[in-house]
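The values are calculated or read from the model by the stated rules, or taken from the named source; none is laboratory data. The structure displayed is predicted, hence computed values, not measured ones. Because the Cβ atoms are built from the backbone with ideal geometry, glycine has one as well, and the counts that use them run over all protein chains shown.
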Protein chains: 2
Amino acid sequence: MKATIINIGDELLIGQVVNTNASVMSRLLVAAGMEVCGAWVVGDEAAAIDRALRRCLDISDAVLVTGGLGPTKDDITKRVLCDFFDSELYENEEALANVKRLFDARGYELTPVNRRQAWVPRCCTMVNNEVGTAPCMWFDLPEDEDDDWGGKVVVSMPGVPFEMQRLMETEIVPRLRVRFGTDSIINKNLLVQGIGESFLSDLIEPWELALPASIRLAYLPQAGMLKLRLTARGGGSEAPRLRQQIDAAVAALYPIAGQYIVGEDLESLPELVAYMLKRCGKTLATAESCTGGALAQQLTAMAGASDYFKGGVVAYSNEVKERALGVSPDVLAAHGAVSEQTVCQMAEGARQRLGADYAVATTGVAGPGGGTPEKPVGTVWIAVAGGSRTVAKLLKFGDRRAQNIERTCNAVWSELVRFVRETC
Amino acid sequence: MKATIINIGDELLIGQVVNTNASVMSRLLVAAGMEVCGAWVVGDEAAAIDRALRRCLDISDAVLVTGGLGPTKDDITKRVLCDFFDSELYENEEALANVKRLFDARGYELTPVNRRQAWVPRCCTMVNNEVGTAPCMWFDLPEDEDDDWGGKVVVSMPGVPFEMQRLMETEIVPRLRVRFGTDSIINKNLLVQGIGESFLSDLIEPWELALPASIRLAYLPQAGMLKLRLTARGGGSEAPRLRQQIDAAVAALYPIAGQYIVGEDLESLPELVAYMLKRCGKTLATAESCTGGALAQQLTAMAGASDYFKGGVVAYSNEVKERALGVSPDVLAAHGAVSEQTVCQMAEGARQRLGADYAVATTGVAGPGGGTPEKPVGTVWIAVAGGSRTVAKLLKFGDRRAQNIERTCNAVWSELVRFVRETC
């Protein structure tokens, strides 16, 4: 079963908002064994929405649409769908009851504008949106001799990410499964470190060429590492056979490239860190200057972080480096905040004061301002402390703040993984 | 001038990677006065890429493509472009020199696989990619009686975000400007708090209906606030007139809805916080349990955070709450980590120990595990401390970790904005 995605909204097309909806929707569809064969972003413009609908119906069985359902004048999706299906808007009782319920719960009075939320095309099936006032509409395409869209489906959902996600999980994906049945898709990810994409490709070429036709291989270079993804796809009943094929392929890869494989089915370096610390039963603390909390945030974004993460200090000012981490004022005066001496004291201070087995620290000039001839923007020191040992490393990046922070985090995780592997 | 975007990559279609490239590209194009009329994500599949190219050429002047340029077998963009333009691949000297330069710089030996990076379609103009080995290719569409693509442009860039961004900024956008000339687009954002989208829409309807035809209004509900975006668009020489129109429209809005407008041209709540703290000359510290560093990370993601942000403590364990923030063991024993008493002591401890004018604190059960009947998942306490006053607030969310962290951050920023406005 093939699906396409249309995300509607000027804010997406001008780049004001990153389109996370598309990836959330794709993940849910793929996990349910459906194939996403395209995702389209269009503005709040009738002709563009109409065109996208036609194109998506041509190439897929189900078209999942988000956005443009608000009560304000810039939201036109319902009108476009009405024209597209040659239908008319009417006030749907069920939708009105839902809007009223949500307004009552918040203690707001229902205005005429809000009441418009309950107007939907007469030809659609309503899907209840428990957590929002915008409607969710399911359209079944009739047989028509001018096209081959008969039996296909268009679903229009709100663009608010958590409303969309809840609707997809509880209503839309289950209904699509019933309607279309689904393929089996088995994915396996291998995390690789210490070898470049092209070198790995050379190394494993004979293995890659010998893969069965049902398995597709992808190289996904990511921050600080490379992910190899094996995907096997087949009919709904073929899952066990496909899983066997994947397992056999992975087993055959280890003798060739096993020394570079650092983890299976881990999505990112922070996941690898979490996996290793939990396996060793060790704890971690963070001391961050230039990364400003990003290290702690990446760990605590994952459930279960309290198993291995004690906490951290964001030591943005020198005052906090001294007060909260015990960095010596003499060291700061003699070597500056961005120095090997300071970063080592930060890591050691965090480890001792927060009572962790390991600690990591960062200090640097993230930019775009704050650089000096001696320490230009992009100069970063990182450290890892554990047992009686502290290692520090100097990094030199460019002048982009977000990238410098991201790369510093990746370098810290890579160093920590190496350190833990050696000491645990 | 109209542009479209095609991002190629199976990792995007299965939702493994969020497509940030599209929003970065859109922002750069829009800032240069170009209109983005669609963005398409397709997999590494020849027919899908070919179809997307045709459709994008039908509706736009320039088609900007990313991805699928790696040296491995799953990357097929160059082959598809060759077929599309009826051209052939050859080893380009300039591209080979670039690949060699980058391999030399890293001290790697050039393998046959890497050498493939320098093979490009004969009909393209090479654009040098200073920071990566993948080529950037510019294709001019010839006049042809079968289509009206003559004079249009296709550009193929690497999908690696920083390579793409650098190419867009330094090469592609400037070249597109020269080629097509550009419209004037003036954007103005107003940050609104304290009124719902539909109520605001009712309130300002007469003003909205009186806007000149050149101005488009959009309502952008965002976490914890609403953004009103006015966009004026006209010819390349019309910028001054459009700016006057926007200024007049904004001036006319203040008498109607001024009490809800909290900032102009600010993109987010953290930006509003930064703006207010800098204006008052005050400093902030953070004490985070359930947000795990996200508050600090959001502030320090913005350049210049050291002007007002002293630092923070990520007090994930009780031990760190006691050691680093001075929360009393008795309070933790009597009321638990997720309590009004604890969150107030966290905020006060951070303010005093880190030496800031204001401090914010969070403690809660982010989930999905860790809930109790008394304090279920989604129970969160937040506090703001400043002067001799500390205010705390209980929040109750659902069971989604990422959403609970995000909403807690937004609630903290909203409370802090209110607190600072009252006390500064």
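A compact table of results
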| read-out | value |
| --- | --- |
| Region A:67-118 - residue that is small (Gly, Ala, Ser) and more than 26 Å from residue A:141 (Cβ to Cβ) and, of those, surrounded by the most Cβ atoms within 10 Å (Cβ to Cβ) | A:97 |
| Those residues of region B:279-306 which are over 21 Å from the mean Cα position of the chain (by Cα) and modelled with pLDDT under 95, in sequence order | B:279, B:280, B:306 |
| Residue in region B:97-115 that is touching a residue at least 40 places away in the same chain (Cβ under 8 Å), at negative phi and more than 10 Å from chain A (Cβ to nearest Cβ) present | no |
| Test: residue in region B:158-167 that is without any contact (Cβ under 8 Å) to a residue 24 or more places away in the chain and out of contact with any helix residue (DSSP H, G or I) (no Cβ under 8 Å at 6 or more places or on another chain) | no |
| Entirely in region B:13-105, the helices (runs of 4 or more DSSP H) that have 2 or more residues that are farther than 19 Å from residue B:161 by Cβ | B:46-59, B:77-84 |
| Subset of region A:4-33 that is hydrophobic (A, V, I, L, M, F, W, C) and surrounded by 24 or more Cβ atoms within 10 Å (Cβ to Cβ) - its residue that is nearest to the other protein chains (Cβ to nearest Cβ) | A:13 |
| Output for region B:358-385, where each listed residue is in a loop (DSSP other than H, G, I, E, B), free of Cβ contacts under 8 Å to residues at least 60 places away in the same chain and within 27 Å of the chain's Cα centre (by Cα) | B:367, B:368, B:378 |
| Residue satisfying condition, being more than 22 Å from residue A:17 (Cβ to Cβ) and within 28 Å of the chain's Cα centre (by Cα), within set B:263, B:234, B:224 | B:234 |
| Tally, over region B:44-54, of residues that are at the interface with another protein chain (Cβ under 9 Å from one of its Cβ atoms) and crowded, with 20+ Cβ neighbours inside 10 Å | 3 |
| Condition met for residue B:109 (among the acidic types (Asp, Glu) and within 27 Å of the chain's Cα centre (by Cα)) | no |
| Options A:275, A:308: the member that is among the aromatic types (Phe, Trp, Tyr) and surrounded by fewer than 21 Cβ atoms within 10 Å (Cβ to Cβ) | A:275 |
| Search result, residues across region A:106-128 that are within 19 Å of residue B:196 (Cα to Cα) and assigned to a loop (DSSP other than H, G, I, E, B) | A:107, A:108, A:109, A:110, A:111 |
| Which listed residue is over 18 Å from residue B:296 (Cα atoms), within 8 Å of chain B (Cβ to nearest Cβ) and in contact (Cβ under 8 Å) with a residue 40 or more places away in the chain, from A:355, A:292, A:311 | A:355 |
| Given (1) surrounded by fewer than 16 Cβ atoms within 10 Å (Cβ to Cβ); (2) free of Cβ contacts under 8 Å to residues at least 40 places away in the same chain, number of the condition residue B:199 does not satisfy | (1) |
| Failed condition for residue B:303, given (1) without any contact (Cβ under 8 Å) to a residue 24 or more places away in the chain; (2) facing chain A (nearest Cβ under 8 Å); (3) crowded, with 24+ Cβ neighbours inside 10 Å | (3) |
| In region B:386-396, residue farthest from the other protein chains (Cβ to nearest Cβ) [restricted to those that are free of Cβ contacts under 8 Å to residues at least 24 places away in the same chain and farther than 19 Å from residue B:353 by Cα] | B:393 |
| Residue within region B:231-242 that is in a helix (DSSP H, G or I) and within 14 Å of chain A (Cβ to nearest Cβ) present | no |
| Search result, residues across region A:183-204 that are within 7 Å of chain B (Cβ to nearest Cβ) and acidic (Asp, Glu) | A:197, A:202 |
| From the options B:222, B:245, residue that is more than 30 Å from residue A:110 (Cα to Cα) and outside the structural domain of residue B:410 (by TED's automatic domain parsing) | B:245 |
